[in-house]
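Participant: Structure below; questions to follow.
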Amino acid sequence: MNKKILLTSILLCFIAASSYYFLSKTEHITSIQKARDLHKQYVENSPYKETIKLSRSERKALSLPPNAYNERLWELSMNPTIGIPTPYKVETIATSFTKSAPGSSGRAWEERGPSNIGGRTRVVFYDPNDVGVNNGDGIDYNRVFAGGVGGGLWVNDDITSPTSTWNIMPGLAANLNVSAHAIDPNDSMTFYIGTGEQYAAGAAVGNGLYKTTDGGATWTNVNITPAGQGTLGNGQADLFTAGIFFINDIIVRNNSGISEVYVGVGSTNYVSPNFNISNPVNVLGAQNAGLYRSIDSGANWSRIENPSMGYFFGGQTFYVAPNDFEIGADNSLYMGTISVPGTNAGGGRFYKSTDGINWTVQSTIRGGDRVEIAASKTNPNLLYVALQQGSAVDLLVSNDGLLTTVAINEPNDADNSISATDFARGQAFYNLVIEVDPTNDQIVYAAGIDCFRSTDGGNSWSQISKWINANGLQSINAPFVHADIHTLSFHPTDSNQALIGSDGGVSWASSLNTASFNNGSISTRNNGYNVTQFYYGSIDSDFSNGDNLVGGAQDNGTLAINNATPGANDFIEALGGDGAHVAIDSDDNYAVITSQFNNHRLVSYPSYNFAYCIATASCADGGANADGDFINVAELDRNLNYLFSNSRNFNGTNGIDTCELLNNTSVCTTITNSLISTNRPTAMKVSPYTSGSSTLMVGTEFSLLLKVTGANTANPIWTSITGPNFLGSVSDIEFGATESEIYVTMHNYGVENIWYTNDAGATWTAKEGNLPDMPVKTILPNPLLPGEVIIGTEVGIYATSDFNSASPTWQPLINGMTNVKVVDLDLRTSDNTILATTHGRGMFTGKFDTLSISGVDKTDLGINIYPTVSNGNIYITSSEDLVNTNIEIYNLSGQKVFISKSNLSTTETALQLDLKSGFYLVKISSNSNTQTEKIIIE
C-alpha cells in the first residue's frame, strides 16, 4: 500500500513537473512571439514609413534632413518591446571610456584614412591662447579647433599651412557630437563645448556640456541638472524622455568681471506625438529644453523660466528652445529660438535681456522657426537675422534691437539649380549662417549651400564660394567650399581671415574680400581631419604592393585607396553622392560599388573605371522608382560572380535580386519566399564553404535567419534556422571554421545582440555576457584562436577571449582607434588583417594572432623579460625555478618565428634572436600555465 502511494506520488510529481515545464516553455515561446509581433507592429507604423522613400529633393521640400539612413537606423535599432531606440544610453558608455587611458587593452589599431576628406563640422574656432609668448611658432592665432558631428574635437597647430595636420583632442569621446562652443572672456584658458545636433532628427544625440580650464588639454563633463519634469509617458511607451541631449548654443558674458554662462538646451523627436501605442514616439528632452544660466563657472545652474518663454502642451508647461545667442555692442544679450520638436512651438522669436535674468520678447515672426542672429560690435541697435520660414530662408535687419525687422535682399546663387529666393536650397533648418564683420557692420556674410559677402548691409551680394564646378558655377572664379555650410568664425585680430565649417570639413579663408574673384582665397584644410562616416568597407586579398581599401561614405561617395602605405592615406573618390555597399574581387579584376538604394555598379579594378550599371530595377530606370533601402544591404559571391541585394519595393513587396555579373553586362532575377514577403532583408552572407552554387544566409528586420540553398539557381530552397529566442533586426552574419558554425548579431537596443550556433542552427546560444545594452553592428571570429571574437558597436570594438563560455566577458579593444561607431569588419584571410570601418573616424586596420586579446596571457609565472626594446639580445628571469619551459615567439601575423626549451630561474637566461625589426610576442609555457609579453626588435 505504501509502495502504491509512493508510486502514485512520484507519478503526480512527474506530471506536475512536466506540465510546469511544458507550460513554462509554451509561455516563453508565446512571450517571444508576442514581442516579435509587437516589434513588427512598431516598425510597420514607424514615423518614417513614408519619408524614408523620398528622394533628396523631395526631402528638402519637406524640411527633412537629407540622409534617410538615419531614419532607417531608427527603425532598425529600436527596442522591440517599447518601439523606440534609446541612443542616450550609449553616451554614458562613451563617456566612461574617456576616463581610461587612450590605448585601452589589446592589440593596436592603425588608422588608414582618408586623411584628405573631412566631414560634417558645426564648430570651428581660433585658439584664444595662441598669441604672443604662448604661440609656440612665432605666428599669432594660427592654432585652431574644429568639432566634427560624430567625430570629436580636433586641433590644427597651423591652419595657414596647406601641409598642416589635424589631431584629435584626448580626454573627449571620439564619437562626441560637437555642436557649439564658447570661450570665457575673463579666462581664455576656459572654454566650453556643447554636444548633440537637434537638426538631425535624433541621429546625433549628445551628452550635455563639457568644459576645459587648461586650454583644451583636459575636459570634464559639466553636470547640468535638467529643470522640469522627468520622463513623461502614456503608461505604455515613454514619449518624452528626460535629459539634456542637445546643446544648440553657448555664450559667456563678462558682467563686471563675473563670467555668466548661458546654454541653449534643445530637443528633438521622431514624429509629432499622437499618443498612439501603435505608433510610439520618442521625444528627447522637450520638457527640459530652455535657457540655462550659471554664474559660478558651471557649478550650479538654473533654467530661466520667464512667463514669455513658457507655453502649454498636453497639459504640461514647456519652455522655448534657444538656437542662437549674441552679445550686442552695449553688452546686452540677444537670443533667437527654434521650434521644439514634439510640440512644434516656440520658433521664430527674438529675446533680449540686460541682466541675464529678465528676458523680453522683442518680436516674433509668425511661421518662423530657426533663428540665427548676427550683432554689430559697434552699433548696439543693429542686428542681422537669418530666419527659417518653412524650408526656405529670409534675411532681415533691425536698427532698434530687434523690436522691428525689415527684409533685406537675399543673395542669388550662381548655381542655376538653386532658387533666387532661397540660397539655402530648401535646407534652412540644416545649413544656415549669418555673420557680421566685427570691425565694419556693413560687411555681412550669409551662407547656406554656398557663401556670400555684402559690403552694403545686405543690399547687394557677391558670391565667395562654390560647391561644384557645374550648374552655371563654372562661370565664376570663386573658390571651392563643400556644400552645406554650418559656421564661419573670424580671426581674432584680422576679420578678413576666417574659418568655415561645412559638411566637407574645414576651410580656411586667407582673404575674404578677394574671394569673389580669386579662387585661391579660400582653401580646404582637411589633412588628417578624419571624421568620414562610412557605411561599408572592403579590403583586397592581395597586399603585395600595400593595402587596397574601398568604402561607401555618407555624402562623400565611394572612396578608395590603392597600395596604401602604413598609417593614414589620401583617398580618391570613385563615385560621388552617398556611397554604400562595396566589395572587391581582385581575382576577377572588378569591384562592386553602390550609391543610394539598389543602385549597384560594376567597375574595373583597381582602376575603378565604370563598366556598367548592374541590372536591378533601380538601375534599369535610372533610380526613378528606387527599390531597396537608402543604404542597401548586398552581398557578393566572389566564387561564382553573383551579387545578391535587397530589392524591397515601396509597395511592400520584399525580395532579393540575384545578379550574375558577366564581362559586359549582368543578368538579374528576383527571388522571394513567404518567409521574407513581409520581412525585409537586413543582412546577408554567402557561405565560403559551398562552391558549386551559392548558399546565402539572410537576416531580416523581424528576427528571422534564413538559409537559401542554391540562391543563384532557378529553384532556391529556403529554410528558417531562426533561433527560438531571436528578437530584433539582424545586423550581421558570419561563418566560423565550418558552415555549421554561425555568428549572428542584432541592431537593437533592449535585446540579446549576439547569437552563436555550432550545429547549423539546430541550437543557439546567447553570447552577450557583460556587454552593455547597445546595438552590435558587426562580428568577426579570430580564425587563429578559437574562442576569440571581436564585435563592432556604437562605441568601438569590443572583444572576448572566452566566447565559448556560458557568459563571455567583453572588453573594449580600442587601442589606437578610440570609441567610435564601427559598422563593418572585413577579414583578409591571407594574413588575417582586419579592416574596421567606422561611421565617424574613417578606416582602421589590425591583425588577428594566436594570442589572447590582452596581448598578455592572464597567468603570471613571475617571468621578467628585458630589455623590451633591443637589437635581439634579451634576457629572461623567473621568480621561481621552472624546468623544461617552452619559449615561443610570434610575429603579429600569428606566425611562430622562434621556439626553444630552457630551465628558468632567478639567474638570467640569454636569448640571441635573429629577427626582423618589429613587434613580437614571447609566450612562455610551464606545465598548463602560460605568460606572454611584448618585445620590440629594432
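Participant: Keeping to the range 725-757, report how many residues are over 22 Å from ALA806 (Cβ atoms) and part of a strand (DSSP E or B).
Facilitator: Result for the range 725-757: 5.
Participant: Mind listing whichever residues of the range 526-559 are under 26 Å from GLY147 (Cβ atoms) and charged (D, E, K, R)?
Facilitator: ASP555
Participant: Do we find that THR829 is within 30 Å of GLU111 (Cα to Cα) and either surrounded by fewer than 19 Cβ atoms within 10 Å (Cβ to Cβ) or at pLDDT 90 or above (or both) in this structure?
Facilitator: Numbers: within 30 Å of GLU111 (Cα to Cα): yes; either surrounded by fewer than 19 Cβ atoms within 10 Å (Cβ to Cβ) or at pLDDT 90 or above (or both): yes.
Judged against the criteria, THR829 is a match.
Participant: In the list VAL155, VAL205, which residue meets the criterion of being in contact (Cβ under 8 Å) with a residue 24 or more places away in the chain and assigned to a loop (DSSP other than H, G, I, E, B)? Show your work before the answer.
Facilitator: On the way: VAL155 fails: assigned to a loop (DSSP other than H, G, I, E, B).
Of VAL155, VAL205, the one residue that is in contact (Cβ under 8 Å) with a residue 24 or more places away in the chain and assigned to a loop (DSSP other than H, G, I, E, B) is VAL205.
Matching residues to (1) within 18 Å of PHE848 (Cβ to Cβ); (2) among the charged types (D, E, K, R); (3) surrounded by 19 or more Cβ atoms within 10 Å (Cβ to Cβ):
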residue	(1), (2), (3)
ILE874	no, no, yes
THR885	no, no, yes
TYR890	yes, no, yes
PHE898	no, no, no
SER902	no, no, no
THR907	no, no, no
VAL922	no, no, yes
ASN927	no, no, no
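Participant: State the number of residues belonging to the range 812-854 that are part of a strand (DSSP E or B) and among the charged types (D, E, K, R). Give the steps one after another, and end with the answer.
Facilitator: First, pick out the residues of the range 812-854 that are part of a strand (DSSP E or B): 812, 822-828, 833-839, 843-847.
After this cut, where a residue has to be among the charged types (D, E, K, R) as well, the list is 824, 826, 828, 847.
Here the count works out to 4.
Participant: Further question on the same structure: Does ASN513 meet the test of being part of a loop (DSSP other than H, G, I, E, B), at pLDDT 95 or above and of a type outside the set (Asp, Glu)?
Facilitator: On the way: part of a loop (DSSP other than H, G, I, E, B): no; at pLDDT 95 or above: yes; of a type outside the set (Asp, Glu): yes.
Answer is no for this residue.
Participant: Kindly indicate whether any position in the range 777-786 is among the charged types (D, E, K, R) and not in a loop (DSSP other than H, G, I, E, B).
Facilitator: Keep residues of the range 777-786 that are among the charged types (D, E, K, R), which gives 777.
Okay, now just the ones that are also not in a loop (DSSP other than H, G, I, E, B), so 777.
Within the range 777-786, one or more residues are among the charged types (D, E, K, R) and not in a loop (DSSP other than H, G, I, E, B).
Participant: If you don't mind, there's one more thing I want to ask. If ARG648 satisfies all but one of (1) within 22 Å of ILE779 (Cα to Cα); (2) touching a Lys or Arg at 6+ places or on another chain (Cβ under 7 Å); (3) not in a strand (DSSP E or B), what's the number of the condition it fails?
Facilitator: (1)
Participant: Does PHE350 count as buried (at least 18 other Cβ atoms within 10 Å of the Cβ) and either in contact (Cβ under 8 Å) with a residue 60 or more places away in the chain or over 17 Å from ILE250 (Cα atoms) (or both)? Write out each step before concluding.
Facilitator: Values: buried (at least 18 other Cβ atoms within 10 Å of the Cβ): yes; either in contact (Cβ under 8 Å) with a residue 60 or more places away in the chain or over 17 Å from ILE250 (Cα atoms) (or both): no.
It is false that PHE350 is buried (at least 18 other Cβ atoms within 10 Å of the Cβ) and either in contact (Cβ under 8 Å) with a residue 60 or more places away in the chain or over 17 Å from ILE250 (Cα atoms) (or both).
Participant: Give me the residue from the range 265-319 that is surrounded by 14 or more Cβ atoms within 10 Å (Cβ to Cβ), in a loop (DSSP other than H, G, I, E, B) and of a type in the set (Ser, Thr, Tyr) and, out of that set, modelled with the highest pLDDT.
Facilitator: Going through the qualifying residues, I end up with SER297.
Participant: Could you tell me which of the residues THR757, THR818, THR829 is within 17 Å of the chain's Cα centre (by Cα) and of a type in the set (Ser, Thr, Tyr)? Spell out the reasoning first.
Facilitator: Working: THR757 fails: within 17 Å of the chain's Cα centre (by Cα); THR829 fails: within 17 Å of the chain's Cα centre (by Cα).
It is THR818.
Participant: Tell me, yes or no, whether the range 633-653 has at least one residue that is more than 19 Å from GLU71 (Cα to Cα) and at pLDDT below 90.
Facilitator: yes
Participant: On the basis of being modelled with pLDDT of 95 or more, assigned to a loop (DSSP other than H, G, I, E, B) and crowded, with 19+ Cβ neighbours inside 10 Å, does ASP441 make the cut? Please lay out each step first, then the result.
Facilitator: Details: modelled with pLDDT of 95 or more: yes; assigned to a loop (DSSP other than H, G, I, E, B): yes; crowded, with 19+ Cβ neighbours inside 10 Å: yes.
Judged against the criteria, ASP441 is a match.
Participant: Among the residues of the range 132-152, write down those that are over 27 Å from GLY196 (Cα atoms), in contact (Cβ under 8 Å) with a residue 12 or more places away in the chain and of a type outside the set (Gly, Ala, Ser).
Facilitator: Pass one, the range 132-152, residues over 27 Å from GLY196 (Cα atoms): 132-142.
From what's left, in contact (Cβ under 8 Å) with a residue 12 or more places away in the chain: 136-137, 139-142.
Residues satisfying the conditions are ASP137, ILE139, ASP140, TYR141, ASN142.
Participant: Take the range 549-603 and flag every residue that is part of a strand (DSSP E or B), surrounded by fewer than 19 Cβ atoms within 10 Å (Cβ to Cβ) and either acidic (Asp, Glu) or more than 24 Å from the chain's Cα centre (by Cα) (or both). Lay out the reasoning, then the answer.
Facilitator: First, pick out the residues of the range 549-603 that are part of a strand (DSSP E or B): 549-553, 557-564, 572-575, 578, 582-585, 590-594, 597, 600-603.
Filter again for surrounded by fewer than 19 Cβ atoms within 10 Å (Cβ to Cβ), leaving 562-563, 572-573.
Selection gives ASN562, ASN563, GLU573.
Participant: May I pose another question? So in the range 174-213, with the set limited to residues that are closer than 23 Å to TYR69 by Cα and of a type in the set (A, V, I, L, M, F, W, C), which one is surrounded by the fewest Cβ atoms within 10 Å (Cβ to Cβ)?
Facilitator: Within the range 174-213, the first condition is being closer than 23 Å to TYR69 by Cα, and the residues that meet it are 174-179, 195-207.
When the remaining residues are screened for being of a type in the set (A, V, I, L, M, F, W, C), the result is 174, 176, 178, 200-201, 203-205.
Values: ALA174: 29, LEU176: 30, VAL178: 29, ALA200: 21, ALA201: 22, ALA203: 19, ALA204: 27, VAL205: 24.
The qualifying residue surrounded by the fewest Cβ atoms within 10 Å (Cβ to Cβ) is ALA203.
Participant: Taking the condition over 29 Å from the mean Cα position of the chain (by Cα), assigned to a loop (DSSP other than H, G, I, E, B), touching a residue at least 24 places away in the same chain (Cβ under 8 Å) and closer than 23 Å to MET746 by Cβ, does ASN673 pass? Working first, answer last.
Facilitator: Numbers: over 29 Å from the mean Cα position of the chain (by Cα): yes; assigned to a loop (DSSP other than H, G, I, E, B): yes; touching a residue at least 24 places away in the same chain (Cβ under 8 Å): yes; closer than 23 Å to MET746 by Cβ: yes.
The answer is yes for ASN673.
Participant: Which one of VAL385, VAL361, VAL371, VAL397 is farther than 17 Å from PRO322 by Cβ, of a type in the set (Val, Ile, Thr) and surrounded by 15 or more Cβ atoms within 10 Å (Cβ to Cβ)?
Facilitator: Details: VAL385 fails: farther than 17 Å from PRO322 by Cβ; VAL361 fails: farther than 17 Å from PRO322 by Cβ; VAL371 fails: farther than 17 Å from PRO322 by Cβ.
Criteria check complete, one pass: VAL397.
Participant: A follow-up question, please. Just to be sure before I move on: is SER541 at pLDDT 95 or above and of a type outside the set (Phe, Trp, Tyr) in the structure I sent? Give the steps one after another, and end with the answer.
Facilitator: Details: at pLDDT 95 or above: no; of a type outside the set (Phe, Trp, Tyr): yes.
It is false that SER541 is at pLDDT 95 or above and of a type outside the set (Phe, Trp, Tyr).
Participant: To continue, here is another question. Taking the condition of being touching a Phe, Trp or Tyr at 6+ places or on another chain (Cβ under 9 Å) and not in a strand (DSSP E or B), how many residues in the range 136-152 meet it?
Facilitator: 4
Participant: In the range 711-724, which residues are of a type in the set (A, V, I, L, M) and assigned to a loop (DSSP other than H, G, I, E, B)? Can you show your working first?
Facilitator: Kept after step one, since they are of a type in the set (A, V, I, L, M), are these residues of the range 711-724: 711, 714, 717, 721.
ALA711, ALA714, ILE721 - these are the residues of the range 711-724 that are of a type in the set (A, V, I, L, M) and assigned to a loop (DSSP other than H, G, I, E, B).
Participant: Can you name the number of the only condition in (1) of a type in the set (A, V, I, L, M, F, W, C); (2) touching a residue at least 60 places away in the same chain (Cβ under 8 Å); (3) under 19 Å from SER77 (Cα atoms) that LEU784 fails?
Facilitator: Here LEU784 meets the rest and fails (3).
Participant: Ok, one more. Consider the range 679-693. How many of its residues are surrounded by 15 or more Cβ atoms within 10 Å (Cβ to Cβ), of a type in the set (Ser, Thr, Tyr) and assigned to a loop (DSSP other than H, G, I, E, B)?
Facilitator: Initially, the range 679-693 is screened for residues surrounded by 15 or more Cβ atoms within 10 Å (Cβ to Cβ), giving 679-687, 690, 693.
Next cut, of a type in the set (Ser, Thr, Tyr) only: 682, 687, 690, 693.
Now drop any that are not assigned to a loop (DSSP other than H, G, I, E, B), which leaves 687, 690, 693.
Qualifying residue count, the range 679-693: 3.
The values are calculated or read from the model by the stated rules, or taken from the named source; none is laboratory data. All values derive from a computational prediction rather than experimental measurement. Using ideal geometry, Cβ is built from the backbone for each residue, glycine included, and neighbour counts are taken over all protein chains shown.
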